[in-house]
């Protein structure tokens, strides 16, 4: 989860939070005399809580539509994200008065188009992050995406008792993820995300799971950029499957112009 970019690219970040989620710092780990579940057990329970591997793999494309809000700036807009397995993603966010921003990975290149900052092809860690976010079956591929996963203990997140899972991704980035003890669902995460200005600390709270196509999806996320004291709120309004035209992943002329000949 993962989840982005600095304030000058707030529109692109607004699109990303449809994929990620919310803000609150975790409480200190609670004392627990009982044996903690292993990382593998926590992840297996999470997959079952979502609907199970069979239900997840039954789909090969999806469209996610929702709303995004930046309260501190008095801004709100609409976001539509398209995904095709195994790793294509494009997120379009429309902010009234500011135009449309785009962030995408088409299986080969990742890019951002921003009405304030222009167009950019991503490289390095930002490319790696976009590639991870685009993984259609990411929940089923956690062992590959996070080669190190450790149960750190039992804690609280957003008022819920949760298991804290400390993970390290393939690029060495460390994140703490929080899975509700009662439901097994992922309810939060905190860590750092690479951006053009350097690493940025963020905390994500995820909730209001609803069933679409036999799979549970979090419909409410709130991302807090800790160092900037800025919150981004995303709400999923609909998720549909099997309706994505591959043509939506074609780069625009502005992006094509940036590609080496």
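The values are calculated or read from the model by the stated rules, or taken from the named source; none is laboratory data. As the structure is a computational prediction, the values presented were derived from the model and not from experiment. Using ideal geometry, Cβ is built from the backbone for each residue, glycine included, and neighbour counts are taken over all protein chains shown.
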Completion exercise
Over segment 238-259, the set of residues within 19 Å of residue 59 (Cα to Cα) and in contact with a strand residue (DSSP E or B) (Cβ under 9 Å, 6 or more places away or on another chain) is 238, 239, 240, 241, 242, 243, 244, 245, 246, 248, 249
Problem - Residue check, residue 24 farther than 29 Å from residue 247 by Cα, modelled with pLDDT under 90 and more than 15 Å from the chain's Cα centre (by Cα) - result: yes
Problem - Candidate set: segment 181-206, residues that are modelled with pLDDT under 85 and surrounded by fewer than 17 Cβ atoms within 10 Å (Cβ to Cβ); chosen: the one nearest to the chain's Cα centre (by Cα) - result: 192
Practice task
Go through the residues of segment 143-158 one by one and say whether even a single one is outside any strand (DSSP E or B), buried (at least 17 other Cβ atoms within 10 Å of the Cβ) and more than 16 Å from the chain's Cα centre (by Cα).
Solution key: yes
Exercise for the section: Hand me the list of strands (runs of 3 or more DSSP E) wholly inside segment 61-141 holding 3 or more residues that are closer than 30 Å to residue 214 by Cβ and touching a strand residue (DSSP E or B) at 6+ places or on another chain (Cβ under 7 Å). Expected result: 61-70, 75-84, 88-95, 99-105
Practice task
Among residues belonging to segment 54-79 that are modelled with pLDDT under 95 and over 20 Å from the mean Cα position of the chain (by Cα), point out the one that is surrounded by the most Cβ atoms within 10 Å (Cβ to Cβ).
Solution key: 75
Handout entry: Pick from segment 164-180, criterion touching a helix residue (DSSP H, G or I) at 6+ places or on another chain (Cβ under 7 Å) and more than 21 Å from residue 126 (Cα to Cα), ranking: surrounded by the most Cβ atoms within 10 Å (Cβ to Cβ)
Key = 165
Exercise for the section: Would you confirm whether any residue within segment 239-249 is within 23 Å of residue 122 (Cα to Cα), outside any strand (DSSP E or B) and touching a helix residue (DSSP H, G or I) at 6+ places or on another chain (Cβ under 7 Å)? Expected result: no
Handout entry: Positions within segment 132-142 being touching a helix residue (DSSP H, G or I) at 6+ places or on another chain (Cβ under 8 Å) and surrounded by 17 or more Cβ atoms within 10 Å (Cβ to Cβ), in sequence order
Key = 132, 133, 135, 138, 139, 142
Exercise for the section: Determine, yes or no, whether residue 236 is out of contact with any helix residue (DSSP H, G or I) (no Cβ under 6 Å at 6 or more places or on another chain), outside any strand (DSSP E or B) and surrounded by 13 or more Cβ atoms within 10 Å (Cβ to Cβ). Expected result: no
